[in-house]
1. Other chains' Cβ within 10 Å of A:38-48 residues: what's the mean?
2. In units of 2.2 N^0.38 Å, what is the alpha-carbon radius of gyration of the protein assembly as shown?
3. Helix B:92-113 against the longest principal axis of chain B: what's the angle in degrees, Cα atoms only, rounded to the nearest 10?
4. Under the definition of partner shielding as Cβ atoms of other protein chains within 10 Å of a residue Cβ, what is the mean value for peptide A:69-79?
5. Taking chain B as the reference, fit the longest principal axis to its C-alpha atoms, fit the long axis of helix B:38-56 to the helix C-alpha atoms, and give the angle between the two in degrees, 0 to 90, nearest 10.
6. Quick one: Cα centre-to-centre distance for the range B:1-41 and the range A:105-170, in angstrom?
7. Across bins of 10 angstrom width beginning at 0, how are the C-alpha pair distances of the range B:143-211 distributed, in whole percent?
8. With labels modelled as points extended 7 Å from the Cα through the Cβ direction, what inter-label distance (nm, one decimal) is found for residue B:257 paired with residue B:108?
Amino acid sequence: MTLLEVDGLDVRYGDFQALSGVRLHVDRGRAMALIGANGAGKTTLLRTIAGALTGSAGRIRYDGTDITGAPPHRRIRQGIAMVPEGRRLFPSLTVEENILIGASAAASPDWPLDRIYDTFPIIARRRRHRASALSGGEQQAVAIGRALAAGPSLLLLDEISLGLAPRVIAELYEMLAGLRAAGATLVIVEQDLQRALDACDDLTCLLEGRVVLTGPAAGVQRDEVVAAYFGVSTAGRADGVPSPAPGPSGGPPGRRATGPAEPPGDSEGRP
Amino acid sequence: MNWVNAAVQGILLGGEYALIACGLSLTFGVMRLVNIAHGDLAVCGAYGALVLSAALGVPVWYTLPLLLPAAFGIGMALQVLLFGRALRAGILAPVMVTFGLSVVIENLLTAGATSDPRGLNGGGLALASFGIGPHITVSWLLATAFLTACLVLSLLQVALARTSWGRQVRATADDLDTARLVGVRVMPVFASVAGIGVATAALAGVFIGTISTFDPLTGTDSLIFAFEAVVIGGLGSLWGTLAGGVSLGVVQVVVGQVNQEYAVLAVHLLFLLVLAVRPSGLFAGSALEQA
């Protein structure tokens, strides 16, 4: 059952078009990995779903409701919460106050403070400390706790592993696996391709603001993802024949690759 | 003992400066709004009390339960209709819009109430005094103004530190975009802060009107003193604002003891000195942050 449906989304920053005709389907209880090079539009897409940005065209539906023009607090009330890139904690507030801010427009009382502290014992000890005094891993845990405090059904996670030690990243992803087991729906932006493929059911690759590959993570070939990631043409390969972008509900579920509409470019990306 | 007396009077006067400055400090700290019309809004409070007390036939103090909620509402309306739009239009727009508002208010007051100086009748409070020791006499009116300023600042501080409203205000002051993103409704937060700013200004205006006289242009002077109190105390710090106001008051009265002509000049020199030596203010570090 579809929880989130993005259709034909265009987002512009002035003259620059960050997203063009983006389509995205996330089924309830699934985890979607959103990958792509820097500047491909991943963060823009997440922020538009969360309501921080407004598209110039296209619709966003959540749980059967059109939320295209809804402000962020209404979307949170309906169950969408976001962990922004770079954590973005309120530096002058304590850990606990940061988490309580996340509960300002809570969708459900599923995540009281106690449960958040049980999930992240490392921040329970530091609840009275300023958020700015914490380590990167602790801050990331607080940022996730702040999003969970809203009692979300859909959690948007933007590069939660950025700048963290591998052991801390592994712990965070273990925690995400626990959330998934509890029925949460996730959309994860992740630079580490392997980690994204391991943690998620589905995969969507953006290239220069367009969806170039989408489908279940399990069936996807690594070199196919790499090709979509960098926009290298895969023409000539048996499984890489370009096809039109997938419709909102068209076709049987399965791997669907679409050729990049733009010529190959964006060499700034890192795999 | 004259000097001690002067210092005491200066401290009391400083409470007045702090009361008018705290709204300026708060609106800057939260919304990054420099409200040039702040002093004029204070003077509007004084005129409002004058009109209300005449119309209702009650002492000035009895108009406050009517005047302060009205000022709060006007502040909210100004934020929603004017300041909020100006803040979205860039850095310069809020300065020009509030400057324009200041000019409009001053001219409307002149047209409606002439430029004659007026005073508010503070009743028995304005005439009574008490002594501390044999040499120091304190006016009950000044003492009340000072205690009121301390009370208002304390209440604000507690509200910012301990309530969920205060938490949202501080989060918004820290990072507006993220506050919106994680579910804070920014418009009511801004509107309430602007309401508090105008209500405290109106309260200060009533005290200014009872302690001395006022006319339609008094707001400009009040604004300068309020700005100096805020800058000396450190932007965004409520206790710093009180300390800044007290510093101004003490310098003004103590220098006035020597030569009245130099009293106001000395205040501005103190301000320039602080700006030159410690531009972040004597008590830098935000109360919004320390709360």
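1. Neighbouring Cβ atoms belonging to other protein chains average 0 per residue here.
2. It is 1.21.
3. 50 degrees
4. Mean shielding count: 3.
5. 70 degrees
6. 41 Å
7. 19, 42, 25, 12, 2
8. For residue B:257 paired with residue B:108, the spin-label model returns 4.3 nm.
Here, each number is a calculation from the coordinates, and none is a lab measurement. Since the model is a prediction, treat every value here as computed from it, not as a measurement. Note that each Cβ is placed from the backbone with ideal geometry, even for glycine, and that neighbours are counted across all protein chains shown.
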